[in-house]
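The values are calculated or read from the model by the stated rules, or taken from the named source; none is laboratory data. Note that the structure is a prediction, hence the values are computed from the model and not measured. Note that we place each Cβ from the backbone using ideal geometry, even for glycine, and neighbour counts take in every protein chain shown. Only protein heavy atoms, including side chains, enter the accessible area calculation; ligands, DNA and RNA are left aside. Shrake-Rupley method; radii C 1.70, N 1.55, O 1.52, S 1.80 Å.
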Amino acid sequence: MNSEKKLISSVCKEYADAIAESGGNEVFAIGFCNEDGIVDVIKICANGHQTAVPVTREIYNGCSVLMHNHPSGNLEPSDNDLLIAEQAAENAQGFYIVNNTVTKVYCVVEPILPLKIIPLCEDEIASFLSTGGTLDAISDQFEERPEQIALTKAVAAAFNKSVTGVFEAGTGVGKSFAYLLPSVLWSLQNKERVVISTGTINLQQQLIEKDIPLIRKITGKDFKAILLKGRQNYICRRRFENTVNERDMFEDDSEQLDSIIAWNKTTRTGSRSDLPFNPSESLWSKINSESDACMGIRCPYHEACYVMKVRKEASDSNIIIVNHHLLFADIEMRMCGSGYEDTAVLPPFRRIVFDEAHGMENAATSFFSEQVSYFKLQKQLNILYRTKKAAVSGHLFTLDTISSGKSYINDIISIIEAIKETFQKLEQTALLLLDNGFTWRLNESSAAASANLFSSLSEAHVNIIKLTSLVRKMIEEIPEKDTELPAVWETKKVLARLENMGILCKNFTEWQEKPETVFWIRKAKFNGKNGISTTAVLTATPLNIADKMQAGLFEPIDTVICTSATLTTGNSFLFWEKRTGLEFLDKEKISTGIFPSPYQYEKNVLLAVPSDIPLPDNDLFQSAIEDAIIKLIESAGGRTLVLFTSFDSLSSAHNYAASRLIPLGINIMKQGDDDRFRLLESFKNDISSVLFATDSFWQGVDVPGDALSQVIIVKLPFSVPSDPVFAARSEALEKQGRNPFMELSVPEAVIKFRQGFGRLIRKSDDTGVVVVLDRRIYEKKYGSLFLNSIPKTKRMYSPLKEITDKIERFL
C-alpha cells in the first residue's frame with residue numbers, strides 16, 4: 001500500500017530521513033493520528049541494526065500507531081512483529097511496517113481511533129429553557145431563570161471539555177433540567193450513555209416520572225432512560241424456588257410467602273417496590289438476589305432472571321439513574337479489576353452526574369465500611385445448616401450426599417455450633433462495652449478494657465478458618481460433573497463471605513497496625529423470632545475516602561458533574577473538595593460555579609434567634625426549648641417542621657408538646673411513628689400539623705405551600721463528638737497540628753445547617769420563618785460562618801415573646 005494513505009507526506013519524509021541517518025538500519029517510531037486516521041505526527045524512539053530494533057512498552061504508551069522499517073524491503077511481519085502487533089491491538093493501537101524510503105506501508109493492525117466527539121452547542125441547549133423556547137411554548141407557568149440557563153451552559157461546557165464540574169445551585173434554580181438536557185443531548189449525539197446518581201428515592205422518582213418525560217417534550221427527541229436499583233431489590237428465582245420447596249422451615253412467614261408466590265406469577269419486574277405489601281426482612285433476605293450468590297449463566301433461571309432483564313434494559317439506555325450506593329458498588333468492582341471498558345455492576349460509562357453531591361462522602365464512607373454481627377453471620381451459617389423443630393436442612397447435606405470422600409458433616413456441624421457460641425459471647429461482650437451508649441470505638445484508651453473482646457474475636461477467626469477449610473475439603477471430593485450444582489456454587493460464595501468476616505475479626509485484634517481504619521461497634525435493632533432484638537455490629541471504616549474517590553472516580557471518568565444546593569462553606573468549595581478527593585485533580589480539569597437561588601428570601605423569609613434561651617451546654621436548655629417550641633407552633637398555627645440533632649431531645653420535646661397541643665387540634669407527629677414517605681404525606685396533607693424529626697429529615701423534605709411555614713432548628717447541627725468516625729478524623733487532624741473544630745466540625749455543621757434551612761422555601765411564592773433556638777449562631781465567632789452561608793433574609797435576635805408576636809404578624 002502506498003504510504004500516503006496512512007501517513008502525511010511530511011511525516012514520510014521525516015521518517016525516511018531518520019532511517020537514512022541510521023545507515024539504513026531498523027528505526028522504531030510512534031505515530032499520532034489526526035481525526036481522519038492519518039499519521040500526522042511521529043516521534044523517533046529507537047535505532048537498531050539490519051534485522052532488529054529495541055521496543056519497550058513505556059516508549060509507546062499513549063500513541064496511535066507503532067512503526068518500524070524492514071531494510072530488506074520485504075514488509076511481511078516476523079513472529080516478533082506479530083507479537084508486538086498483538087500487544088498494540090490490545091491497547092487499540094495500530095502496527096505498521098514501512099520500507100526504507102517510506103513509500104510503501106504494510107498495515108499489520110489498524111489503530112482503533114477514539115469516537116469523534118460532537119460537542120454540544122451551549123447556546124442551542126440554553127434556548128430550550130429561554131423565553132420563546134420550547135419549554136415556554138408548552139408551559140403555562142413558564143418563567144425564564146437566568147441562573148438555570150447559566151448552569152445549563154456550564155454543564156454542557158464540562159461535557160465538551162471532559163472536565164469535572166462542581167456546581168452549587170440554590171433552591172429554585174432548576175438544576176435537574178440544567179443537567180438532564182446536556183446529558184440527554186450528549187448521549188444522543190455521541191452515542192455515550194450518561195449515569196445520573198442521586199442520594200434519595202424521591203429524587204430518582206421525580207427524574208424518571210416527571211422530569212425525563214418533560215425533557216422528551218422539550219427536545220422532541222426520543223431516548224431511553226431507566227431507573228436501575230441494586231439487585232437486592234429483586235427476587236432471585238432460584239433462591240425463591242428453594243425457599244418455596246422448603247416452606248416448612250419458614251412457618252412464621254408462610255402467609256407472606258403465599259402472597260409472594262401468587263404475585264410472582266404476574267409480576268413483570270420482580271421488584272420489591274412493586275409488591276402490594278412490605279415483606280418481612282427475614283423472608284426477603286432469603287429470596288432476594290445477591291451478587292455473591294449469583295450463578296450467572298450457570299443458573300437454571302438465567303434466561304428469566306429479573307436482574308438480567310433490567311441490566312439488559314440498561315445496556316442500551318441513554319440515561320441510567322442510580323443511587324450513590326449502587327454507583328460506588330460499580331466503582332469498587334472496576335477498581336478491583338473489572339476496568340472501565342466492560343460491564344461491572346453497571347454497563348461501562350464515561351460521563352456521570354452526581355445530584356445531591358453533598359452526600360457523596362457519607363455514601364462512599366458507608367459503602368466502603370465492612371461490618372460483621374451475629375445476625376449477619378447466622379444468615380450465612382443457616383445457608384449451610386439450619387434446624388427447625390425436628391427438621392434439618394442446608395447445603396451441607398447436599399454436599400455430603402454428592403461427595404465421594406469420607407463424611408465430615410458431624411465435624412462441620414460441631415464447628416458451626418462453636419462459631420455460634422463464640423459469636424453470642426462476642427455479642428454479649430460488645431454490648432457490655434457499649435453499656436448505655438450507641439457506639440464504642442477501639443483506641444488507645446478503650447483497648448485496655450477489651451481483653452475479652454479480643455479473645456472472642458481471635459476464637460471466632462480460628463473457628464471460621466477451621467469451618468471453611470473442612471467444607472472446602474468436602475467440595476474437593478465432589479466429582480467434577482457435580483461441581484456446577486447450585487448448592488456447590490452457593491456454598492463457595494458463603495465460604496468467601498465467612499472468610500471476610502473472619503478477616504474482619506482478625507483486623508480488630510490488629511487494630512494498631514491499621515491506622516487508616518476506624519474500628520468501632522454500634523448497637524442495632526432487628527426483627528428476631530421473639531420480636532425486636534438488639535445486636536452489636538462490629539464495623540471497620542476507612543479514616544479517609546478521598547484517595548479512593550480520586551482513583552476510582554475523578555481520575556478515570558471523563559466528565560463528572562457534581563451538583564447540590566449545599567457544597568460550599570463561606571462561598572468556597574475547598575472543604576468539600578478535600579473530603580471527596582477532588583483536590584488531587586489538576587486544577588485545569590475542574591470547573592466550578594455558584595448559581596444562587598432566584599427566590600426572594602429577603603422579602604419572604606424571617607430568620608429569628610431568641611436571645612433569652614440558655615446556651616445548649618446549660619442544664620436548663622432542654623426545658624427552655626420545649627416551652628419555646630410550643631409557643632412558636634402556636635404562633636404559626638401548626639405547619640411547622642422541628643429539626644433536632646438528638647433523638648432523646650426530640651422524644652422529650654415531642655411528649656411535652658403533644659400533651660399541650662393535641663387538645664388544641666394540632667396534630668403532632670414524630671419521626672419513627674410511620675415510614676418516612678407516609679409520614680411526609682400526612683404532614684403535607686394536614687396543614688395544621690407539626691413534624692418533629694432528626695438527622696435524615698434535614699434533607700430531602702420537599703413540602704411547598706402552606707403546609708410548611710416554619711422550620712425550627714433546635715441546635716446547630718454539629719456532629720456528636722463521640723461519633724467514632726468523626727472522633728477518629730478529628731484526632732487525625734489534631735495529630736497533624738491542625739484545628740479539627742474549624743476544619744471539620746464547623747464546615748460539616750454549616751453544610752447540614754444549610755440543608756435544614758433549605759426545607760422552608762420550595763417554590764417562588766412560599767413565605768415563612770426559620771427559628772434557630774441556638775444563640776451560638778449570634779454569640780460565637782464561628783456563628784458568622786452559618787449566617788453568611790444562607791441567603792439574605794429579614795433577621796431578628798430578640799426575646800422569644802417579641803419573636804412570636806412578629807411571627808403572628810409575618811404569617
Identify all aspartates and glutamates with a Cα-Cα distance to K735 below 15 Å; exclude those on the same chain that are fewer than 8 residues away in sequence.
E444, E516, E743
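Pick out, in residue order, every one of the GluC sites (Glu not before Pro) in the stretch 481-590 that is DSSP loop and has at most 15 other C-beta atoms within 10 Å; say none if there are none.
The qualifying sites are E484, E510, E516.
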Geometric extent, Cα atoms of the stretch 314-387 - Rg, Dmax (angstrom)
16.1, 50
In straight Cα distance, which aspartates and glutamates are under 18 Å from K217, not counting same-chain residues fewer than 8 positions off?
E124, D136, D140, E143, E144, E209
What's the center-to-center distance, using Cα atoms, between the stretch 402-416 and the stretch 294-350 in Å?
36
Within the stretch 730-811, DSSP-loop chymotrypsin sites (Phe, Trp or Tyr not before Pro) with at most 11 other C-beta atoms within 10 Å are none
Ignoring ligands and nucleic acids, what accessible area does K406 show with a 1.4 Å probe (Å², nearest 10)?
130
Can you pull out the chymotrypsin sites (Phe, Trp or Tyr not before Pro) in the stretch 259-355 that DSSP calls coil and that have at most 10 other Cβ atoms within 10 Å?
F277
Counting only heavy atoms of protein chains, what accessible area per residue, in Å², does the chain have with a probe of 1.4 Å?
46
How big is the gap, in Å, between the Cα center of the stretch 64-137 and the Cα center of the stretch 2-27?
20
Relative intensity, log₁₀ I(q)/I(0), of the chain from a Debye sum that treats every alpha carbon as a point, q = 0.06 Å⁻¹
-0.51
Diffusion constant of the stretch 3-116 at 37 °C, which comes from Stokes-Einstein with the Kirkwood Cα-pair radius and 0.692 mPa s, µm²/s
240
Distance between modelled label sites at T401 and E484, nm, 7 Å Cα→Cβ extension
2.0
Length-normalised contact order of the chain in % [C-alpha pairs under 8 Å, at least 6 apart]:
12
Taking the Cα centre of each part, how many Å lie between the stretch 189-250 and the stretch 797-811?
47
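Considering only Cα-Cα distances, which of the following residue pairs are longer than 24 Å: K286/K548; K224/K286; K466/K506? Before the final figure, lay out the partial values.
Details: K286/K548 32 Å; K224/K286 33 Å; K466/K506 14 Å.
Over 24 Å apart, Cα to Cα: K286/K548; K224/K286.
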Which of the pairs K161/K229; K752/K806; K514/K781; K265/K523 have their Cα atoms more than 32 Å apart in this structure?
K514/K781; K265/K523
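Apply the membrane-span-like helix rule to the chain: whole DSSP H runs, Cα extent along the own long axis of at least 27 Å, mean Kyte-Doolittle hydropathy at least -1.0. List the helices found.
409-434, 451-476, 486-509
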How are the Cα pair distances of the stretch 22-88 distributed, in percent, across 10 Å bins from 0?
20, 52, 26, 1
Carbon and sulfur atoms: what percent of the 1.4 Å accessible area of the chain do they account for?
49
Quick one: accessible surface of I117, probe radius 1.4 Å, all protein chains present, in square angstrom to the nearest 10.
70
Let me make sure I get this right: for the stretch 517-645, a, b and c are the square roots of the gyration tensor eigenvalues over alpha carbons, sorted descending. Under 1.5 in a/c it's rounded, otherwise prolate if a/b > b/c, else oblate. Which is it?
oblate
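Looking at the chain only, what percent of DSSP beta bridges run antiparallel? Nearest 5 please. Numbers along the way, then the final one.
Working: 40 of 99 bridges.
Expressed as a percentage, antiparallel bridges in the chain total about 40.
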Give me the aspartates and glutamates in straight-line cross-link reach of K589: C-alpha distance below 15 Å, same-chain residues under 8 apart excluded.
E555, D558, E577
For L7, enumerate residues with amide H under 5 Å from its amide H, sequence gap 5+ or separate chain, H modeled in the peptide plane.
V39
Cα-based convex hull, the stretch 567-634, per residue volume (Å³, whole number)
161
